[in-house]
Amino acid sequence: MSNKLIDLVNITKSFDGETVLDDLNLYIRENEFLTLLGPSGCGKTTTLRIIGGFEKPDKGQVVFDGKDITSLPPNKRQLNTVFQKYALFTHMTIAENIAFGLKLKKKSKAYIDDKIKYALKLVNLEGYGNRMPDSLSGGQQQRIAIARAIVNEPRVLLLDEPLGALDLKLRQDMQYELIRLKNELGITFIYVTHDQEEALTMSDTIVVMNQGYIQQIGTPEDIYNEPQNAFVADFIGDSNILDGLMLEDRLVQILGTKFPCVDEGFGHNKPVDVVIRPEDIDLLPPEQGTIQGVVTHLIFKGVHYEMEVSANGYEWLVHSTDLFPVGTKVGIHVDPFDIQIMNKPESEDEEAVKVGEE
């Protein structure tokens with residue numbers, strides 16, 4: 001990846017005495033698709049609005065391409081924002097909507113017409129220039145909002161939950177569209193969502209946030225396979241999160257039973273959090289498992305069966321392509337590599353820990 005384009009340095013922001021961002025540090029590289037992911041109220045939209053210039057931090061700096069732009073108004077920044085509410089001008093045609101920013105910049109008619117054609121083609125809506133916004137579907141309106149932002153040739157496109165109002169099929173189509181656009185345009189995308197699937201599908205880098213702190217920064221694979229704490233594990237995908245006791249290197253006790261694992265350096269007899277993904281659990285004949293249990297629930301999910309297995313007083317969530325009917329006695333086996341060990345937070349406050357940058 002190329003160099004830093006945006007650097008957020010020690011950003012703190014409060015509203016009505018409530019701290020929303022607490023000494024946040026984050027950098028974004030040129031031509032990166034970076035997603036800010038987290039539950040509502042975690043500070044992700046505030047972070048986006050600070051980058052866009054719609055909010056000013058109480059403390060800290062926004063550096064863009066080496067220059068401090070903390071006090072620069074939005075229209076002076078080399079970026080454009082697409083909001084969840086598309087905010088198309090209803091009294092203007094699609095072409096006029098797209099041309100709006102260019103007219104403000106006093107561009108020539110020939111230049112503007114050229115750009116409108118290019119933008120409509122890019123979002124697969126050629127020939128829609130003379131239509132009015134209310135004759136378009138939600139997905140089409142969203143694409144026009146993106147086209148309107150793109151024609152201004154921003155170096156960065158900020159997207160605030162832009163697919164939130166669309167139905168599932170359209171959302172998935174738009175995810176592919178956005179990836180294609182980013183690759184064709186070669187601009188940096190900063191994307192805000194609370195939808196983990198969206199983040200995993202589209203991003204080069206995911207920043208997981210909670211309570212104004214960054215919990216983890218990494219590729220979608222890192223975040224899913226190597227969550228750094230129970231919050232990240234729980235927020236991204238389904239997980240079994242259990243209390244464990246790290247007996248020694250590579251051996252953990254879960255629900256009174258010893259499981260080999262690959263983690264080291266946690267010490268002896270140390271309480272830990274253990275994360276096991278439901279797809280990493282193998283169900284075997286009872287005598288072949290590390291622990292034994294009974295299938296208590298079963299749902300068919302299309303690609304796999306989702307089961308709950310009651311074993312040693314815990315309801316294990318299991319995803320498998322093999323069917324084990326309710327009432328079946330099974331053994332649970334987990335490969336050592338698929339057991340993730342994490343330090344337990346020592347306090348409530350530490351649960352929203354700050355983690356270092358990559």
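Fully extending the segment from Val262 to Asp249 would add 3.9 nm, taking 0.36 nm per residue of separation and subtracting the current Cα-Cα distance. One equal scatterer on each Cα of the range 215-358, no solvent, Debye formula: the resulting log10 I(q)/I(0) at q = 0.09, 0.19, 0.20 Å⁻¹ is -0.29, -1.16, -1.25. Computed in the context of the full set of protein chains, the accessible area of the chain at 1.4 Å probe radius has 49% of its extent on carbon or sulfur. Across the range 234-290, Cα pairs under 8 Å and at least six residues apart give a relative contact order of 36 percent. As a length-normalised measure over Cα pairs under 8 Å and 6 or more apart, the relative contact order of the chain settles at 15 percent.
So for Leu102, Leu298, what's the accessible-area order with a 1.4 Å probe, most first?
On the way: Leu102 5, Leu298 65 Å².
Sorted by accessible area, descending: Leu298, Leu102.
Between Asp114 and Asp134, full extension at 0.36 nm per residue minus the direct alpha carbon distance yields a gain of 4.8 nm. Taking a point 7 Å out from the Cα of Ser310 in the direction of its Cβ, the residues of the range 278-303 whose backbone N falls within less than 12 Å of it are 293-297.
For the chain, the per residue solvent-accessible surface stands at 48 Å², with DNA, RNA and ligands left out and a 1.4 Å probe. These residues, Asp7, Asp234, Asp273, go from largest to smallest accessible area, 1.4 Å probe, as Asp234, Asp7, Asp273.
Restricting to Cα pairs below 8 Å that are 6+ residues apart, what does the relative contact order work out to for the range 9-61? Please round to a whole percent. It would help to have the intermediate numbers written out before the result.
Numbers: 59 pairs, mean separation 23.6, N = 53.
Rounded, it is 44 percent for the range 9-61.
Sorting Leu283, Leu36 by solvent-accessible area of protein heavy atoms yields Leu283, Leu36, largest first, with a 1.4 Å probe.
From the square roots a ≥ b ≥ c of the eigenvalues of the alpha-carbon gyration tensor of the range 59-169, which class results: rounded (a/c under 1.5), prolate (a/b over b/c), or oblate? Oblate, because a/c is 1.5 or more while a/b does not exceed b/c. Using heavy atoms of the protein chains and a probe of 1.4 Å, the accessible area assigned to Glu248 is about 90 Å².
Extension gain for Glu226-Lys106 works out to 38.2 nm (0.36 nm per residue, less the C-alpha to C-alpha distance).
Applying 1/(1 + (r/R0)^6) with R0 = 41 Å to the Cβ-Cβ distance of Asp322 and Asp204, what FRET efficiency is obtained, to the nearest 0.05? Before the final figure, lay out the partial values.
Details: r = 35 Å, r/R0 = 0.85.
Once rounded, the FRET efficiency stands at 0.75.
Once all protein chains are placed together, Lys270 keeps about 80 Å² accessible to a 1.4 angstrom probe.
Rolled with a 1.4 Å probe across the full set of protein chains, the surface gives Lys105 an accessible area near 110 Å².
Hey, what's the Kirkwood Rh for the range 236-303 if you take every pair of different alpha carbons, in angstrom?
On the way: mean 1/r = 0.0728 Å⁻¹.
After inverting the mean inverse Cα-Cα distance, the result is 13.7 Å.
The values are calculated or read from the model by the stated rules, or taken from the named source; none is laboratory data. Nothing here was measured: the structure is a model prediction, and the numbers come from that model. Backbone-built Cβ (ideal geometry, glycine too); neighbour counts: all protein chains shown. Remember, those area values only see protein heavy atoms, side chains included, never the ligands or the DNA or RNA. Shrake-Rupley method; radii C 1.70, N 1.55, O 1.52, S 1.80 Å.
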